[in-house]
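Right, one structure below, let's go through it.
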Amino acid sequence: MASSFCPKQALSFTNSAHQLHQSRAIPRDIHVRFPASVSSPSSRCGLKSKATTRLKVLATSATKVMDQSSSKASSQAPTVVEVDLGNRSYPIYIGAGLLDQPDLLQRHIHGKRVLVVTNTTVAPLYLDKTISTLTDGNPNVTVESVILPDGEQFKNMETLMKVFDKAIESRLDRRCTFVALGGGVIGDMCGYAAASYLRGVNFIQIPTTVMAQVDSSVGGKTGINHPLGKNMIGAFYQPQCVLIDTDTLNTLPDRELASGLAEVIKYGLIRDAEFFEWQEQNMPLLLARDPTAFTYAIKRSCENKAEVVSQDEKESGVRATLNLGHTFGHAVETGVGYGQWLHGEAVAAGTVMAVDMSRRLGWIDDSLVQRVQKILEQAKLPTSPPETMTVEMFKSIMAVDKKVADGKLRLILLNGSLGNCVFTGDYDQKALDETLRAFSKS
């Protein structure tokens, strides 16, 4: 059994997502299995959030949203989840066919000039449609575009300069809007460009991958990689809105789809036990791209992310828990070379390592270790790092992780029952060393 560990220097987070369940009504006439309600354990360390989350689900009923009929998609209202950040709050629109609803985007364009940032993979599929949506019935708006190379290996300063080059050549002013059309790499780079250009212009996220739709497009983290570390250069900069057209997943390769599921699984492990149990029952439907299941998974993930960001925008506490497995995973991405492993693949392997370390510390049961292993295998994700990773590679790369404080590496580890975790630097170094040796060469 897991111990009742309560470190003085750790932040403990219990399964708080149960508070949202009343707003997550699901129609009973669909063939997606949902678990019975799971009660949340009380906080064992007595630490409570300093902020009260005001997560708002502002859309039509779930039954209406879950209707995925293509004939109704263009007229159907989206689900709306709001990220509550005071005067910088913004909506996340979720639904099928949203790129065919011009008003959703146009209401967030404040000037007359738009720059769409996309890549060589997404541009042939959705650039023309996006430009049409931005300009439909709105002749005063002119749209420029810049098409970047596709891949994590291009998430760097050289590629970022192409965005600035286009903006300056087009003489875009401070009332312009940047639009990120693509996955996490495009969203991160476009957002960072928007944060920097003329010291800040508006931007909109249109994520087209599972990874971006459930995680990276929400919360305002933007930036680029450095050869010595992932996402080491960037800024917190919130978008005007996030528009998630679930139809874009129809063109997503299977490997990219699986990669995004790593972040979906994460939410269940760190704070939403009921959601994790739903995933255990419905993973085959997610892999089969069942629209009802995927709409629910995206919505629930965004609700979890929005709640956390509303409490801790700049990652001083609870938001750090969203990085479960990322410290190990980022080391893998950096160690093998950006783009060799997809982000979600590296995070999956890193999650297994974090869970293994949690078990070695005596903080979780073996049964939870087995459940994590099983669901990642179901999602067709790796459960160990590449053989080329060594203990020394892990240690040297993790030493420059953004969560290092006063020379101490802080990690997100599971603690107790499903849905509970800690963000801490107060752990036995021996457990970390044993985990690294178990998963990599010495």
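The values are calculated or read from the model by the stated rules, or taken from the named source; none is laboratory data. Because the structure is a prediction, the values reported are computed rather than measured. Note that each Cβ is placed from the backbone with ideal geometry, even for glycine, and that neighbours are counted across all protein chains shown. Protein only, heavy atoms only, side chains kept; ligands, DNA and RNA dropped before computing areas. Shrake-Rupley method; radii C 1.70, N 1.55, O 1.52, S 1.80 Å.
Screening ASP290 on (1) farther than 22 Å from LEU104 by Cα; (2) buried (at least 24 other Cβ atoms within 10 Å of the Cβ) shows it passes everything except condition (2).
Tell me yes or no: at least one residue of region 327-342 is farther than 26 Å from PRO253 by Cβ, touching a residue at least 24 places away in the same chain (Cβ under 8 Å), open to solvent by less than 30 Å² (accessible area, probe 1.4 Å) and in contact with a helix residue (DSSP H, G or I) (Cβ under 8 Å, 6 or more places away or on another chain). Yes, region 327-342 has at least one match.
For the structure I just gave you, tell me whether LYS380 is among the basic types (Lys, Arg), at pLDDT below 95, open to solvent by 10 Å² or more (accessible area, probe 1.4 Å) and farther than 21 Å from GLN429 by Cβ.
The answer is no for LYS380.
Just for region 246-274: of the residues that are aliphatic (A, V, I, L, M) and out of contact with any Lys or Arg (no Cβ under 8 Å at 6 or more places or on another chain), which one is nearest to ALA346 (Cα to Cα)? So the residue we want is ALA262. Of the listed requirements (1) open to solvent by less than 50 Å² (accessible area, probe 1.4 Å); (2) touching a residue at least 24 places away in the same chain (Cβ under 8 Å), LYS395 misses just one: (1). The set of residues in region 71-98 being surrounded by 19 or more Cβ atoms within 10 Å (Cβ to Cβ) and closer than 28 Å to LEU160 by Cβ consists of VAL83, TYR90, PRO91, ILE92, TYR93, LEU98. Restricting region 334-369 to residues that are outside any helix (DSSP H, G or I) and in contact with a strand residue (DSSP E or B) (Cβ under 9 Å, 6 or more places away or on another chain), which is nearest to SER384 (Cα to Cα)? By that ranking, first place goes to TYR338.
Against the conditions (1) modelled with pLDDT under 95; (2) in a helix (DSSP H, G or I); (3) within 14 Å of the chain's Cα centre (by Cα), THR292 satisfies every one except (3). When LEU172, LEU160 are checked against the criterion of being farther than 30 Å from LEU287 by Cα, in a helix (DSSP H, G or I) and open to solvent by less than 50 Å² (accessible area, probe 1.4 Å), LEU160 stands alone in meeting it. Inclusion of LEU243 among residues that are open to solvent by less than 10 Å² (accessible area, probe 1.4 Å) and more than 30 Å from ARG107 (Cβ to Cβ) is not warranted.
LEU414 meets each of the listed conditions (1) touching a residue at least 24 places away in the same chain (Cβ under 8 Å); (2) touching a helix residue (DSSP H, G or I) at 6+ places or on another chain (Cβ under 9 Å); (3) surrounded by fewer than 20 Cβ atoms within 10 Å (Cβ to Cβ) apart from (3). When SER316 is tested against (1) within 18 Å of the chain's Cα centre (by Cα); (2) of a type outside the set (Asp, Glu); (3) open to solvent by 60 Å² or more (accessible area, probe 1.4 Å); (4) modelled with pLDDT of 95 or more, exactly one condition is not met: (4).
Evaluated against (1) of a type in the set (Asp, Glu); (2) touching a residue at least 24 places away in the same chain (Cβ under 8 Å); (3) under 22 Å from LEU342 (Cα atoms); (4) open to solvent by 50 Å² or more (accessible area, probe 1.4 Å), ASP401 falls short on exactly one condition, (4). Of the residues contained in region 120-138, none is found to be under 25 Å from GLN213 (Cβ atoms), open to solvent by 20 Å² or more (accessible area, probe 1.4 Å) and in a strand (DSSP E or B).
Every condition in (1) open to solvent by 20 Å² or more (accessible area, probe 1.4 Å); (2) under 21 Å from the mean Cα position of the chain (by Cα) is met by GLN101 except one, and the failing one is (2).
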